[in-house]
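Take a look at the structure below.
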Amino acid sequence: MRAGVLILAAALLLGGCGGEDTGSSGTLRLLVLDGNLRQLGDPCNGAGPFDYAHADADYVIEDGDGTEVFRGELPNGTAEKIMDVDFRAGLRQPTMCAMTLHVNGLTTAEGDLVIDNQDGVPIEPSDEPGVLGEVTVS
């Protein structure tokens, strides 16, 4: 009997994990076009003049009126292709650092992303499912 109760409790808990997306949160993609030489997929943070875009740096999302609507810390990024050129596998190449910002509670992202008290950068809408917008720092 006790095993049956445990199985039922586990089924109820797991059933709650697979619920529908309520649309109450999403992500922003931050693309730091630093051109740093890395292997694709390597962990990264902004390089060169973009050193301020590093993991744990504070960021704020401001709406169109300049009012803060979300605050967080930047995560580590991943090196992605910056040019449409095929380099040999395993070679370092010019990359951008792509970071995924989880913005719980936001259903839209309009306005600016402000990183570490730098000037705000406009958030561009995204057509990608689950991605509210994209910010490019260049």
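By count of other Cβ within 10 Å, fewest leading, how are Leu91, Leu74, Leu106 ordered? Write out the running numbers ahead of the final one.
On the way: Leu91 9, Leu74 21, Leu106 18.
If I rank by nearby Cβ atoms, fewest first, I get Leu91, Leu106, Leu74.
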Unit charges at the beta carbon, dipole of the range 23-137: most positive-side option, Val137, Ala89, Ala55: Ala89
Debye log10 I(q)/I(0) at q = 0.11, 0.21, 0.23 Å⁻¹ for the range 23-137, Cα point scatterers: -0.35, -1.11, -1.26
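Just how large is the dipole of the range 23-137 about the Cα centre, in debye to the nearest 20, putting +1 at every Lys and Arg Cβ and -1 at every Asp and Glu Cβ? It would help to have the intermediate numbers written out before the result.
Values: 6 positive and 21 negative charges, 132 e Å.
It comes to approximately 640 debye.
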Whole-Hz ³J(HN,Hα) from phi, Karplus 6.51 cos²θ - 1.76 cosθ + 1.60, for the range 85-101, glycine and proline x: 10, 8, 9, 4, 4, x, 7, 6, 8, x, 10, 10, 9, 9, 10, 10, 9
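Read-outs: derived from the displayed coordinates by stated rules, not from any lab. Keep in mind it's a predicted model, so treat the numbers as computed, not measured. Virtual Cβ from ideal backbone geometry, glycine too; neighbours counted across all protein chains shown.
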